[in-house]
Amino acid sequence: MREVGAVWRKDLLQEWRLRQGLVASALMGVVTVVAVGFASLGASLSEGLTAGLFWVAILFGMFPALARGFIVEEEAGTADLLRVGARPSAVFWGKWLFHFTLYLLLTLILVPLYGLVVAPLKGHLGGWLLLWLFGGFCLVSVLTLCGALVARTTTRGALLAVLTFPLLLPLLLILIGGTKTALNGLFPADSLQGVFGYTLTLSAGASWVFERVWAD
Amino acid sequence: MQTGWTLTCHDLGKRFGERWVFRHIELTLSQGTVLVVRGSNGSGKSTLIRILAGLLTPTEGRVQMALAGQAFAERRAWLGWSATDGALYRELTAREHLRWWATLRDTDATDTELMAHLERFELGARADDLLRTYSTGMRQRMRLALATWGRPPLLLLDEPDAGLDARGMLLLERVIDEHRTFGIVVLATNRNESLAWGDLTLEMGA
C-alpha cells in the first residue's frame, strides 16, 4: 500500500504543478455539456436521452487525462524508473487511484453543470450515487489498462480507440440503462449488479494483464 | 560455500529483429568487484545494463543474483540503476524525488537522512529546487543519488560519467569505491578515467 500511495502522491504533485490532465479534462467535459445543453435548449429530453448524453459527457471529459497516465511516463522516459523501483501491481493501482481522483474532481464539476444546463438529475439519489461510484471505478479501470497497453506502441491513438471500444461499450450500455431507471425514481438494482460484476472481473483482469504488459 | 553477493550471467544473448547485439556472455561477479563494460556505440553496453536491470528480456540465457548461493528473484531488493538517458520527474524537487524513491524501496527515511544523502552528492543546497532547473551534471548526480539509495548490493551505472565535471568525477569514483566494499558495480563507459576504476573489463563488440 505504501508503494501505491507513493505513485499516487507523485502523480498528484505533478498534476498540481502542471495542471495538464485536469484542465484538459474539465475543458473537454464542460464544452461537451454546454454543447449538449445548447443543442437541446427548450426541448424536453427523454430519460433515455438524458442518461445517454450524461455518460457521453463524462466519458468525453475523462478521456484526455485518464488515458494519458502511462503514455506521459513513456514519452518522458520515466517509466523505466517506475519499472526498476516499484512492483507492477503498485504502479497499476497507484495510477488507478490517481485517475480515480481525477474522475471524482471532474464529476464534481460536470454533474452539477449537467443538471443546470441540460436536464435536472432527479430520481433515485442512492441509485445515482452507486452508479456514479461503481461506474467511475470501472471506467477508470478500463482507461488505465488501455492507456498502459498502448503506451509503448507508436500508433497509440488508433490502438487506444480500438482497445477501449469493446471494453467500454457494454459498460456504457449498462450505466445508461441504470441511469434511466434512476431518473424514473427506481433503484437500478439490475444495472448495479451488472456494473459490480463487470468491475470485479475487469479490475482483477486488468491488474493481471498489466503485470504482463508492463515488463519488456 | 559461497558467501556474499554473486551476479551470474549464463549464455546471455540479445537480438533485435535479425541482428544479434551480443551472444554467449558468461559472467560471474562476486561481491567487491567492479566490472567495466566498454565498447563502441551500438556495441550493446546499454542493452546489457538494461537486461541486468530487468528492463529488457534477454533473447537467450539468464541472469541471477544470489546471496550466499541463495538466488533472489525480485530485483527491487538488490538493484540500483542509473542511466544517462534515464529521465527524472522534472516537476519534483530533489528532496521530494528522493523521498518518493525511498518509499518505493520500502525504506523509512527521515528528512535528515534524505538531506544527508543529497549532501553526499552535493545537492543539499538545491534540494528544494525543481529538477527541471538542474544542469545536466546535477541531474546526473541526482540519478546517482537515487541509484545508491538504500545501499543496493548491485549497482548498475550506464555512462554515469557523462556530463560530470572534474569534481563530479571524483564523487563518482568515491561512490564506486564505497560500493565495492559491500556490493557489485557494473559500469558502462568509454571515458578513459573511468576505465581505470574496474577490476574486470568486458569489451563489447569485440
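Every read-out reported here was derived from the displayed coordinates using simple, explicitly stated rules and does not represent laboratory data. The structure presented is a predicted model; accordingly, all values stated were derived computationally and were not measured. Here the Cβ positions follow ideal geometry from the backbone for every residue, glycine too, while neighbour counts run over all protein chains shown.
Based on the mean of other Cβ atoms within 10 Å per residue, sort peptides B:21-31, A:44-54 so the most packed one is first. Don't skip to the end; give the middle numbers.
Details: B:21-31: 16.2, A:44-54: 17.9.
So the order, starting with the most tightly packed, is A:44-54, B:21-31.
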For region B:42-52, take each phi angle, set θ = phi - 60°, evaluate the Karplus expression 6.51 cos²θ - 1.76 cosθ + 1.60, and give the result in whole Hz per residue in order, putting x for glycine and proline. x, 7, x, 4, 5, 4, 4, 4, 5, 5, 4
If I take every Cα pair under 8 Å that is 6 or more residues apart in region A:2-214, average their sequence separation and divide by the length, what percent do I get for the relative contact order? 29
Under 5 Å, built H, 5+ apart or other chain: amide partners of B:T84: B:D158
Along region A:112-119, what does the Karplus equation 6.51 cos²θ - 1.76 cosθ + 1.60 (θ = phi - 60°) give for ³J(HN,Hα), rounded to whole Hz, x for Gly and Pro? x, 5, 4, x, 7, 8, 9, 7
Value of relative contact order over region A:29-139, rounded to a whole percent, pairs C-alpha under 8 Å and six or more apart: 44
So, for the Cα atoms of region B:1-139, Rg and Dmax in Å stand at 18.0, 51
Note, region A:177-191: 3J(HN,Hα) by Karplus (6.51, -1.76, 1.60, θ = phi - 60°), whole Hz, Gly/Pro = x, goes x, x, 5, 4, 4, 5, 5, 7, x, 9, 7, x, 4, 5, 5
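Residues of B:91-101, mean number of Cβ from any other protein chain within 10 Å of their own Cβ, rounded to a whole number? Could the numbers behind the result be given before it?
Values: counts 7, 4, 1, 0, 0, 4, 2, 0, 3, 8, 6.
Mean shielding by partner chains, rounded to a whole number: 3.
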Normalised by the residues of region B:68-206, what does the relative contact order come to in percent, with Cα pairs under 8 Å and at least six apart? 28
Compactness of chain A - radius of gyration and Dmax, Cα, Å: 17.5, 57
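For region B:1-47, just say rounded, prolate or oblate: build the C-alpha gyration tensor, square-root its eigenvalues into a ≥ b ≥ c, call rounded for a/c under 1.5, and beyond that prolate if a/b exceeds b/c, oblate if not. Present the calculation step by step, with values, prior to reporting the outcome.
Numbers: a/c = 4.12, a/b = 1.90, b/c = 2.17.
Oblate, since a/c reaches 1.5 and b/c is not below a/b.
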Report, by chain and number, residues whose modeled amide H sits under 5 Å from the one on B:T59, excluding near sequence neighbours (fewer than 5 apart, same chain). B:G13, B:K14, B:R15
B:V37 long-range amide H proximity, modeled H, under 5 Å: B:L187, B:A188, B:T189, B:L202
